[in-house]
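Before any comments, here is the structure.
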Amino acid sequence: FALDDAPVALVRALELAAAGVQPLDPELRNAARDALALAAAGQAAAQDAAAALVLQESLRDLGYEVDDIEATLFAAGGAIHFRREGWDRYFVRMRVDAAESTINFNVVRARGDEETAERRRQDVLAEDRWCAEFPQLARTLAARGLSLDVTRRLEAGALPVQVVDAWTLPAVTAAAEAVRPRPAPRAREHP
(Lines give C-alpha, C1' and ligand atoms only; values in the text may rest on other atoms or scores of the structure.)
Protein backbone atom coordinates (compact mmCIF):
# COMPACT_ATOMS: atom_id res chain seq x y z
CA PHE A 1 0.00 0.00 0.00
CA ALA A 2 1.50 3.30 -1.09
CA LEU A 3 0.52 6.39 0.84
CA ASP A 4 0.49 8.29 -2.44
CA ASP A 5 -2.55 6.24 -3.51
CA ALA A 6 -4.60 7.11 -0.43
CA PRO A 7 -6.61 10.31 -0.13
CA VAL A 8 -4.59 13.04 1.55
CA ALA A 9 -7.16 13.47 4.34
CA LEU A 10 -7.00 9.76 5.22
CA VAL A 11 -3.20 9.78 5.30
CA ARG A 12 -3.21 12.87 7.51
CA ALA A 13 -5.80 11.37 9.90
CA LEU A 14 -3.75 8.16 10.19
CA GLU A 15 -0.59 10.15 10.88
CA LEU A 16 -2.40 12.06 13.65
CA ALA A 17 -3.73 8.80 15.12
CA ALA A 18 -0.25 7.23 14.98
CA ALA A 19 1.16 10.27 16.78
CA GLY A 20 -1.54 9.99 19.46
CA VAL A 21 -2.99 13.39 18.61
CA GLN A 22 -6.39 11.99 17.63
CA PRO A 23 -8.06 8.66 18.32
CA LEU A 24 -8.18 5.82 15.81
CA ASP A 25 -11.97 5.65 15.83
CA PRO A 26 -13.98 2.94 14.03
CA GLU A 27 -14.73 5.23 11.08
CA LEU A 28 -11.04 5.96 10.50
CA ARG A 29 -10.15 2.28 11.00
CA ASN A 30 -12.78 1.26 8.39
CA ALA A 31 -11.57 3.91 5.95
CA ALA A 32 -7.99 2.66 6.34
CA ARG A 33 -9.13 -0.96 5.89
CA ASP A 34 -11.09 -0.02 2.74
CA ALA A 35 -8.10 1.87 1.32
CA LEU A 36 -5.85 -1.15 1.94
CA ALA A 37 -8.36 -3.50 0.30
CA LEU A 38 -8.64 -1.21 -2.71
CA ALA A 39 -4.86 -1.00 -3.03
CA ALA A 40 -4.55 -4.81 -2.74
CA ALA A 41 -7.21 -5.30 -5.43
CA GLY A 42 -5.39 -2.87 -7.71
CA GLN A 43 -2.11 -4.70 -7.15
CA ALA A 44 -3.75 -8.09 -7.86
CA ALA A 45 -5.31 -6.73 -11.06
CA ALA A 46 -1.92 -5.41 -12.17
CA GLN A 47 -0.32 -8.81 -11.45
CA ASP A 48 -3.07 -10.58 -13.42
CA ALA A 49 -2.57 -8.21 -16.35
CA ALA A 50 1.17 -8.81 -16.28
CA ALA A 51 0.69 -12.60 -16.12
CA ALA A 52 -1.76 -12.48 -19.03
CA LEU A 53 0.72 -10.49 -21.11
CA VAL A 54 3.60 -12.85 -20.25
CA LEU A 55 1.47 -15.87 -21.16
CA GLN A 56 0.23 -14.30 -24.40
CA GLU A 57 3.68 -13.23 -25.57
CA SER A 58 5.27 -16.54 -24.52
CA LEU A 59 2.74 -18.45 -26.62
CA ARG A 60 3.38 -16.15 -29.57
CA ASP A 61 7.16 -16.44 -29.15
CA LEU A 62 6.79 -20.23 -29.30
CA GLY A 63 4.89 -19.96 -32.59
CA TYR A 64 1.29 -20.31 -31.41
CA GLU A 65 -1.61 -18.29 -32.76
CA VAL A 66 -3.40 -16.74 -29.81
CA ASP A 67 -5.83 -13.87 -29.49
CA ASP A 68 -5.09 -11.12 -26.98
CA ILE A 69 -5.53 -12.49 -23.47
CA GLU A 70 -7.46 -10.33 -21.06
CA ALA A 71 -6.33 -10.05 -17.45
CA THR A 72 -9.85 -11.13 -16.45
CA LEU A 73 -8.86 -14.64 -17.54
CA PHE A 74 -7.00 -14.89 -14.23
CA ALA A 75 -9.27 -12.72 -12.11
CA ALA A 76 -12.65 -14.10 -13.15
CA GLY A 77 -11.62 -17.41 -14.64
CA GLY A 78 -12.28 -18.40 -18.20
CA ALA A 79 -10.77 -20.06 -21.21
CA ILE A 80 -8.61 -19.18 -24.18
CA HIS A 81 -7.73 -21.24 -27.23
CA PHE A 82 -4.44 -21.29 -29.08
CA ARG A 83 -2.88 -23.32 -31.86
CA ARG A 84 -0.09 -23.52 -34.34
CA GLU A 85 -0.43 -22.97 -38.03
CA GLY A 86 -1.17 -26.28 -39.72
CA TRP A 87 -3.05 -27.85 -36.81
CA ASP A 88 -6.16 -28.22 -38.97
CA ARG A 89 -9.23 -28.20 -36.69
CA TYR A 90 -7.30 -28.67 -33.42
CA PHE A 91 -6.71 -26.13 -30.64
CA VAL A 92 -5.43 -26.23 -27.09
CA ARG A 93 -7.95 -24.92 -24.61
CA MET A 94 -6.52 -23.34 -21.48
CA ARG A 95 -9.00 -22.93 -18.63
CA VAL A 96 -8.17 -20.92 -15.53
CA ASP A 97 -9.88 -21.36 -12.17
CA ALA A 98 -8.73 -18.35 -10.17
CA ALA A 99 -10.47 -19.49 -6.98
CA GLU A 100 -8.62 -22.84 -7.05
CA SER A 101 -5.42 -21.37 -8.56
CA THR A 102 -5.42 -23.99 -11.30
CA ILE A 103 -4.86 -24.03 -15.03
CA ASN A 104 -6.03 -26.87 -17.24
CA PHE A 105 -4.84 -27.52 -20.80
CA ASN A 106 -6.60 -29.89 -23.16
CA VAL A 107 -6.77 -30.49 -26.90
CA VAL A 108 -10.10 -29.73 -28.56
CA ARG A 109 -11.32 -29.81 -32.13
CA ALA A 110 -14.17 -28.25 -34.01
CA ARG A 111 -17.25 -30.33 -34.58
CA GLY A 112 -17.98 -31.38 -38.12
CA ASP A 113 -15.95 -34.47 -38.92
CA GLU A 114 -17.43 -37.90 -38.78
CA GLU A 115 -16.11 -40.08 -35.95
CA THR A 116 -13.93 -42.70 -37.61
CA ALA A 117 -10.90 -44.73 -36.67
CA GLU A 118 -8.80 -42.31 -38.75
CA ARG A 119 -10.24 -39.28 -36.91
CA ARG A 120 -9.47 -40.93 -33.53
CA ARG A 121 -5.92 -41.63 -34.73
CA GLN A 122 -5.56 -37.96 -35.71
CA ASP A 123 -6.94 -36.94 -32.31
CA VAL A 124 -4.24 -38.97 -30.55
CA LEU A 125 -1.58 -37.49 -32.85
CA ALA A 126 -2.80 -33.97 -32.00
CA GLU A 127 -2.63 -34.77 -28.29
CA ASP A 128 0.82 -36.34 -28.74
CA ARG A 129 2.01 -33.17 -30.44
CA TRP A 130 0.70 -30.99 -27.58
CA CYS A 131 2.18 -33.30 -24.91
CA ALA A 132 5.56 -33.02 -26.64
CA GLU A 133 5.34 -29.21 -26.82
CA PHE A 134 4.01 -28.54 -23.31
CA PRO A 135 7.38 -28.88 -21.51
CA GLN A 136 8.84 -26.07 -23.66
CA LEU A 137 5.91 -23.80 -22.75
CA ALA A 138 6.38 -24.62 -19.06
CA ARG A 139 10.13 -23.86 -19.27
CA THR A 140 9.49 -20.60 -21.13
CA LEU A 141 6.89 -19.45 -18.60
CA ALA A 142 9.16 -20.40 -15.67
CA ALA A 143 12.03 -18.40 -17.19
CA ARG A 144 9.65 -15.43 -17.36
CA GLY A 145 8.46 -15.75 -13.77
CA LEU A 146 5.30 -17.86 -14.20
CA SER A 147 6.00 -21.31 -12.83
CA LEU A 148 3.53 -24.11 -13.43
CA ASP A 149 3.20 -26.84 -10.83
CA VAL A 150 1.89 -29.81 -12.83
CA THR A 151 -0.23 -31.95 -10.53
CA ARG A 152 -1.86 -34.21 -13.12
CA ARG A 153 -0.80 -35.10 -16.61
CA LEU A 154 -2.67 -37.52 -18.85
CA GLU A 155 -1.02 -39.26 -21.76
CA ALA A 156 -2.29 -38.72 -25.29
CA GLY A 157 -5.38 -40.81 -25.96
CA ALA A 158 -6.21 -41.31 -22.26
CA LEU A 159 -9.43 -39.37 -22.81
CA PRO A 160 -11.15 -38.54 -26.09
CA VAL A 161 -10.42 -35.14 -27.62
CA GLN A 162 -13.25 -32.82 -26.71
CA VAL A 163 -15.36 -31.87 -29.72
CA VAL A 164 -16.73 -28.31 -29.54
CA ASP A 165 -18.82 -26.05 -31.73
CA ALA A 166 -16.65 -24.14 -34.19
CA TRP A 167 -18.15 -20.80 -33.14
CA THR A 168 -16.60 -21.24 -29.65
CA LEU A 169 -13.10 -21.28 -31.18
CA PRO A 170 -11.10 -18.33 -32.50
CA ALA A 171 -11.17 -17.62 -36.20
CA VAL A 172 -8.49 -19.43 -38.16
CA THR A 173 -6.10 -17.13 -39.99
CA ALA A 174 -5.84 -17.17 -43.77
CA ALA A 175 -2.31 -18.63 -43.52
CA ALA A 176 -3.56 -21.52 -41.40
CA GLU A 177 -6.51 -22.02 -43.69
CA ALA A 178 -4.14 -22.33 -46.67
CA VAL A 179 -2.39 -25.38 -45.18
CA ARG A 180 -5.59 -27.33 -44.66
CA PRO A 181 -5.81 -30.36 -46.92
CA ARG A 182 -8.10 -29.74 -49.86
CA PRO A 183 -9.81 -32.35 -51.99
CA ALA A 184 -8.22 -32.85 -55.36
CA PRO A 185 -10.03 -31.09 -58.18
CA ARG A 186 -12.27 -33.33 -60.22
CA ALA A 187 -11.69 -33.71 -63.89
CA ARG A 188 -14.62 -32.82 -66.07
CA GLU A 189 -15.45 -34.90 -69.06
CA HIS A 190 -15.68 -32.98 -72.31
CA PRO A 191 -18.05 -34.26 -74.97
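The values are calculated or read from the model by the stated rules, or taken from the named source; none is laboratory data. Being a predicted model, the structure only gives us computed values, none of them experimental. For neighbour counting, all protein chains shown are included, and Cβ atoms are generated from backbone atoms with ideal geometry for every residue, glycine included. With ligands, DNA and RNA removed, areas are computed over all heavy atoms of the protein, side chains included. Shrake-Rupley method; radii C 1.70, N 1.55, O 1.52, S 1.80 Å.
What about Ile103, is it open to solvent by less than 40 Å² (accessible area, probe 1.4 Å), out of contact with any Pro (no Cβ under 8 Å at 6 or more places or on another chain), modelled with pLDDT of 80 or more and of a type in the set (A, V, I, L, M)?
no
Can you tell me which residues in segment 119-138 are open to solvent by less than 80 Å² (accessible area, probe 1.4 Å) and over 23 Å from Leu148 (Cα atoms)?
Arg119, Gln122, Asp123, Val124
What do you reckon, is Asp97 closer than 24 Å to Ala44 by Cα, in contact (Cβ under 8 Å) with a residue 24 or more places away in the chain and loosely packed, with under 14 Cβ neighbours inside 10 Å?
On the way: closer than 24 Å to Ala44 by Cα: yes; in contact (Cβ under 8 Å) with a residue 24 or more places away in the chain: no; loosely packed, with under 14 Cβ neighbours inside 10 Å: yes.
Criteria not met by Asp97.
Can Val66 be described as under 13 Å from the mean Cα position of the chain (by Cα), within 28 Å of Ala49 (Cα to Cα) and surrounded by 14 or more Cβ atoms within 10 Å (Cβ to Cβ)? Lay out the reasoning, then the answer.
Details: under 13 Å from the mean Cα position of the chain (by Cα): yes; within 28 Å of Ala49 (Cα to Cα): yes; surrounded by 14 or more Cβ atoms within 10 Å (Cβ to Cβ): yes.
The answer is yes for Val66.
Just one of Ala40, Ala110, Ala32 is at pLDDT below 85 and surrounded by 13 or more Cβ atoms within 10 Å (Cβ to Cβ); which is it?
Values: Ala40 fails: surrounded by 13 or more Cβ atoms within 10 Å (Cβ to Cβ); Ala110 fails: at pLDDT below 85.
Exactly one of Ala40, Ala110, Ala32 is at pLDDT below 85 and surrounded by 13 or more Cβ atoms within 10 Å (Cβ to Cβ), namely Ala32.
Being open to solvent by 60 Å² or more (accessible area, probe 1.4 Å), within 19 Å of the chain's Cα centre (by Cα) and not basic (Lys, Arg) is the filter here; which residues of segment 146-163 pass it?
Ser147, Asp149, Val150, Thr151, Gln162
For segment 80-133, what are the residues that are more than 23 Å from Trp167 (Cβ to Cβ) and either of a type in the set (Lys, Arg) or touching a helix residue (DSSP H, G or I) at 6+ places or on another chain (Cβ under 8 Å) (or both)?
Across segment 80-133, the qualifying residues are Ala98, Arg120, Arg121, Arg129.
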